[in-house]
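The values are calculated or read from the model by the stated rules, or taken from the named source; none is laboratory data. Since the model is a prediction, treat every value here as computed from it, not as a measurement. Note that each Cβ is placed from the backbone with ideal geometry, even for glycine, and that neighbours are counted across all protein chains shown. With ligands, DNA and RNA removed, areas are computed over all heavy atoms of the protein, side chains included. Shrake-Rupley method; radii C 1.70, N 1.55, O 1.52, S 1.80 Å.
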Amino acid sequence: MDKNNTPEVAPTFRVQWEDVQNCYVVLYPEGMVKLSSSAGQIMKRVNGETTITEIIADLKETFSSNELEDDVIKFLEVAYDNGWLRNKK
Amino acid sequence: MTTAGSETKNDITPPLWLLAELTYKCPLQCPYCSNPVEIAKYQNELSTKDWVRVMQQARKMGATQLGFSGGEPLVRQDLEELIQEARHLGYYTNLITSGVGMDEERVKRFKDAGLDHIQISFQASNEELNNFIGGTKSFQHKKEMARIVKEYEYPMVLNIVIHRKNIDQIRDILEMTVELNADYVELASTQYYGWSRINVDQLLPTREQLANAEKIAKEYQEKMKGRSKIIYVIPDYFENRPKPCMNGWGAIFLTIAPDGTALPCHEAGQLPIEFPNVRDFSIPEIWNDSPGFNHFRGFEWMVEPCRSCPEKTKDFGGCRCQAFMLTGDARNADPVCDKSPHHKSLIDDVERINELAVDEAAKKVEEKPLIFRNMKNSKSYLEEV
């Protein structure tokens with residue numbers, strides 16, 4: 001994965017916080033996926049302006065951890081695979 | 001699951017899916033329509049204000065998906081207004097339409113209002129059969145609308161209801177969805193409720209047809225991987241275990257009929273159960289407290305073989321409406337289940353229709369005409385009952 005890429009949520013999908021579910025969710029035609037709290041923290045930083053490197057740096061700082069990079073990359077791969085994300089041109 | 005401050009009571013999960021059947025008026029007359037055969041009874045449609053209130057209350061309880069359906073939802077002149085309100089409330093908004101009554105101007109207005117997704121139905125892959133099944137000249141217009149939907153960057157689901165009259169064209173149908181760049185394709189096997197139940201002798205495919213269709217659907221699922229998601233489920237009459245209908249009664253689905261009747265699924269109106277109306281009760285009252293929505297919650301209502309069945313937590317005994325239609329008692333196991341004492345008579349009936357289909361194809365017997373879904377046929381049905 002090229003960490004200089006800038007991901008954005010693909011047009012079919014929407015990511016939003018749900019009070020009742022108490023988590024971030026991915027919405028798509030007639031369906032919903034609930035995100036774990038770490039996945040939610042990654043997805044909320046996807047905005048079409050922030051690169052993957054910057055997202056990782058922000059997460060490291062916020063959660064004072066240097067060991068989360070592999071997990072973030074792993075999740076982003078899943079998110080791209082599911083079509084939730086695409087690279088901003 | 002409950003959350004502090006939520007509007008849902010203990011042990012009752014919040015509604016996630018709100019299906020807004022805005023009207024039963026429709027320019028199409030598909031003989032497998034899932035609307036009740038009694039559509040002519042539903043004259044008193046909810047106002048814009050009623051719908052806004054329903055959407056607000058359901059959203060507050062946690063509903064995220066909203067389907068604008070019908071009939072044909074485009075018939076409602078306030079559709080744009082309702083979409084705008086729904087999107088503002090935070091729903092993922094789905095428009096489930098035939099495409100008839102849509103033009104580019106309206107698609108643009110939907111986009112401005114914040115509509116998330118459009119699902120267009122096709123009746124077949126060729127003009128003649130499409131227009132015959134739908135009872136209107138609509139094929140070319142649908143194709144044009146599909147192109148416009150993609151042009152406006154909507155995710156596009158193409159929905160084709162599959163039955164004996166079009167199942168042999170499944171390859172052409174799939175080719176058409178490829179040509180139209182569908183993101184999702186739902187090859188929706190006819191489910192035998194409402195109008196399609198009346199027409200089941202003419203619509204149920206044969207085992208041979210199903211096997212062939214399944215092979216072709218698999219081929220395209222492989223071929224289109226990553227470009228288009230193709231969903232194909234065989235009719236449950238050919239299964240040995242029932243579907244976990246609606247993921248359980250009053251668990252996630254909330255349907256509101258055009259006249260405001262609240263239902264746990266869009267077929268439930270046929271059951272001998274009294275269902276509340278949104279004109280009389282709020283959505284939390286309906287969802288949490290009404291006898292109708294609590295009728296088949298949990299497992300206490302079950303009779304054997306479901307009651308002692310270890311699979312009851314997985315499929316909830318199947319579909320209550322199917323149990324009612326095929327056994328006369330909605331508490332019974334869905335006869336699709338081979339543990340049901342009524343399973344054999346369902347299999348026998350499938351076999352009878354299979355033979356009928358073979359005889360018809362060989363011109364040994366004359367085909368019975370389809371009963372089309374329209375107000376006239378609904379009225380004569382109501383007079384007969």
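Assorted remarks:
- Subset of the stretch B:151-161 that is within 25 Å of B:E128 (Cα to Cα) and either in contact with a helix residue (DSSP H, G or I) (Cβ under 7 Å, 6 or more places away or on another chain) or within 11 Å of another protein chain (Cβ to nearest Cβ) (or both) - its residue that is modelled with the lowest pLDDT: B:M156
- Count - residues of the stretch A:34-50 that are out of contact with any helix residue (DSSP H, G or I) (no Cβ under 9 Å at 6 or more places or on another chain) and surrounded by 16 or more Cβ atoms within 10 Å (Cβ to Cβ): 1
- Boolean, B:Y184 is crowded, with 19+ Cβ neighbours inside 10 Å and either more than 14 Å from chain A (Cβ to nearest Cβ) or modelled with pLDDT of 95 or more (or both): no
- Among residues of the stretch B:344-376, those that are touching a residue at least 40 places away in the same chain (Cβ under 8 Å) and not in a loop (DSSP other than H, G, I, E, B), counted: 8
- The residues on offer are B:K60, B:K49, and the sole one that is at pLDDT 95 or above, open to solvent by 50 Å² or more (accessible area, probe 1.4 Å), on the phi < 0 side of the Ramachandran plot and away from chain A (no Cβ under 14 Å) is B:K49.
- Hits in the stretch B:236-250 - residues which are surrounded by fewer than 20 Cβ atoms within 10 Å (Cβ to Cβ) and either at pLDDT below 90 or not charged (D, E, K, R) (or both): B:F238, B:N240, B:P244, B:N247, B:G248
- So B:R87, is it within 11 Å of chain A (Cβ to nearest Cβ), in a helix (DSSP H, G or I), in contact with a helix residue (DSSP H, G or I) (Cβ under 7 Å, 6 or more places away or on another chain) and at pLDDT 95 or above: yes
- For the residues A:F75, A:F13, the requirement of being within 13 Å of the chain's Cα centre (by Cα), closer than 25 Å to B:G226 by Cα, away from every other protein chain (no Cβ under 14 Å) and open to solvent by less than 70 Å² (accessible area, probe 1.4 Å) singles out A:F75.
- The conditions of being modelled with pLDDT of 95 or more, open to solvent by 90 Å² or more (accessible area, probe 1.4 Å) and in a helix (DSSP H, G or I) are met by A:E54.
- Any hit, the stretch B:97-112, residues being within 19 Å of B:I256 (Cβ to Cβ) and either polar (S, T, N, Q) or open to solvent by less than 10 Å² (accessible area, probe 1.4 Å) (or both): yes
- Hits in the stretch A:29-64 (condition: of a type in the set (S, T, Y) and touching a residue at least 24 places away in the same chain (Cβ under 8 Å)): A:S38, A:T50, A:T51, A:T53
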